[in-house]
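The values are calculated or read from the model by the stated rules, or taken from the named source; none is laboratory data. Predicted model only: the values in this text are computed from it and were never measured. All Cβ positions, even for glycine, are placed from backbone atoms using ideal geometry, and neighbour counts span all protein chains on display. For the accessible areas, the whole protein counts, side chains as well, though only heavy atoms, and no ligand, DNA or RNA atoms are used. Shrake-Rupley method; radii C 1.70, N 1.55, O 1.52, S 1.80 Å.
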Amino acid sequence: MGSGDKLEYDKNVGAVIVGFDRHINYYKIQYAQLCINKNEGCHFIATNTDSVSPITDAQEWAGGGSMVGAIKGCTGKEPTVVGKPSPLIIDYLCDRLNLQRDRICMVGDRLDTDILFGTDNGLKTVLVLSGVTSEEKLFSKENTIIPDFYADSINDFFIDGSLGFTAT
């Protein structure tokens, strides 16, 4: 980059959707920033705000939330989050399919998205400890998100025909 260099961008972009991207780079961040800040009415939408994701079994990797954070940082704007824990999905499903929230159970491995989605939206919740959240984290003093039940894994639902999960 030198004096006078600038990035051309599509002035007709009406929404920038940010999610997990294995190939995020400075060009994409700048392009998103220009569209959001320069295009009148351009929406900033986030698919999720997961801080980390278990991309491999060897370690956790920076999640979609880190990409969203980069765009928030350079635009100064908050996104509309359409994934968990946003109520948009459950509101749509309940309205469209005439579902009753008190008959729905959210099962997931993340406290800050899956279980928060359930508790914030009036659903029963089951945390499975086979993914992101450990039993140590679940019962830590810092944790404020409590599921209704927890299990070692989804397989516990199918052991000898009985439920293998525990109330918290």
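Which aspartates and glutamates have a Cα lying under 20 Å from the Cα of LYS38, excluding residues fewer than 8 positions away in the same chain?
Within reach: ASP5, GLU8, ASP10, GLU78.
With charges set only on the Cβ (+1 for Lys and Arg, -1 for Asp and Glu), what does the dipole of the chain come to about its Cα centre, in debye to the nearest 20?
Using only the charged Cβ atoms, the result is roughly 640 debye.
Which ³J(HN,Hα) values, rounded to whole Hz and listed in residue order, are derived for the stretch 133-143 from phi using the Karplus coefficients 6.51, -1.76 and 1.60 in 6.51 cos²θ - 1.76 cosθ + 1.60 with θ = phi - 60°, glycine and proline given as x?
8, 8, 4, 4, 5, 4, 9, 5, 4, 6, 6
Relative contact order of the stretch 1-116, please, whole-number percent, based on alpha carbon pairs below 8 angstrom and at least 6 residues apart.
Contact order relative to length: 21 percent.
Counting only protein heavy atoms and a 1.4 Å probe, tell me what percentage of the chain's accessible area is made up of carbon and sulfur.
Carbon and sulfur together cover 52 percent of it.
Residue by residue through the stretch 107-120, what is 3J(HN,Hα) from phi via Karplus (6.51 cos²θ - 1.76 cosθ + 1.60, θ = phi - 60°)? Round to whole Hz and write x for glycine and proline.
In residue order, the calculated couplings are 10, x, 10, 10, 5, 7, 10, 4, 6, 4, 4, x, 5, 5 Hz.
HN-Hα J couplings of the stretch 148-157 from phi, Karplus 6.51/-1.76/1.60, θ = phi - 60°, integer Hz, Gly and Pro as x?
With coefficients 6.51, -1.76 and 1.60, one gets 5, 9, 9, 9, 5, 7, 5, 4, 5, 6 Hz.
Over the Cα atoms of the chain, what Rg and Dmax result, in angstrom?
Cα-based Rg and Dmax for the chain come out at 19.6, 70 Å.
When the distances between all Cα atoms of the stretch 1-48 are binned every 10 Å from zero, what whole-number percent does each bin get?
24, 52, 22, 2
Kindly list the residues of the stretch 31-58 that lie in the label zone of LYS77, defined by a backbone N under 18 Å from the point 7 Å along the Cα-to-C-beta vector.
Counting backbone N atoms under 18 Å from the label point, the list is 31-49.
If you fit an axis through the alpha-carbon atoms of helix 26-38 and take the longest principal axis of the Cα set of the chain, what angle between them do you get, 0 to 90°, nearest 10?
On a 0 to 90 degree scale, this one is about 80.
Relative to the first principal axis of the alpha-carbon coordinates of the chain, what is the inclination of helix 64-75, with its axis defined by its Cα atoms, in degrees from 0 to 90 and to the nearest 10?
In the chain, helix 64-75 runs at an angle near 30 degrees to the longest axis.
What are the residues whose amide H is under 5 Å from the amide H of VAL18, where those residues sit 5 or more places off or on another chain and H is modelled from the backbone?
ILE45, ALA46, THR47
Considering the chain as a Gaussian network with a 10 Å cut-off on Cα pairs, which listed residue, THR56, THR80, THR144, attains the greatest mean-square fluctuation?
THR56
Just going by the charge dipole of the chain, with Lys and Arg at +1 and Asp and Glu at -1 on Cβ, which of THR113, ALA62, ILE45 is farthest out on the positive end?
Of the options given, the answer is ILE45.
Could you work out [θ]222 nm for the chain from helices alone, using -39500 (n - 2.57) per DSSP H run of at least four and dividing by all its residues? Round to the nearest 500 deg cm²/dmol.
Computed ellipticity for the chain at 222 nm equals -7500 deg cm²/dmol.
To the nearest 10 degrees, how steep is helix 88-97 against the longest Cα principal axis of the chain, on a 0 to 90 scale?
Once rounded, one gets 60 degrees.
If you take the charge dipole of the chain about its Cα centre, with +1 on Lys and Arg Cβ and -1 on Asp and Glu Cβ, which of ALA151, LEU123, ILE71 is farthest toward its positive end?
ILE71
Rounded to the nearest 5, what % of the DSSP beta bridges within the chain are antiparallel ones?
30 percent
Which of the aspartates and glutamates could be linked to LYS72 by a straight reach, that is with a Cα gap under 15 Å, when you skip same-chain ones fewer than 8 residues away?
Output for LYS72: ASP50.
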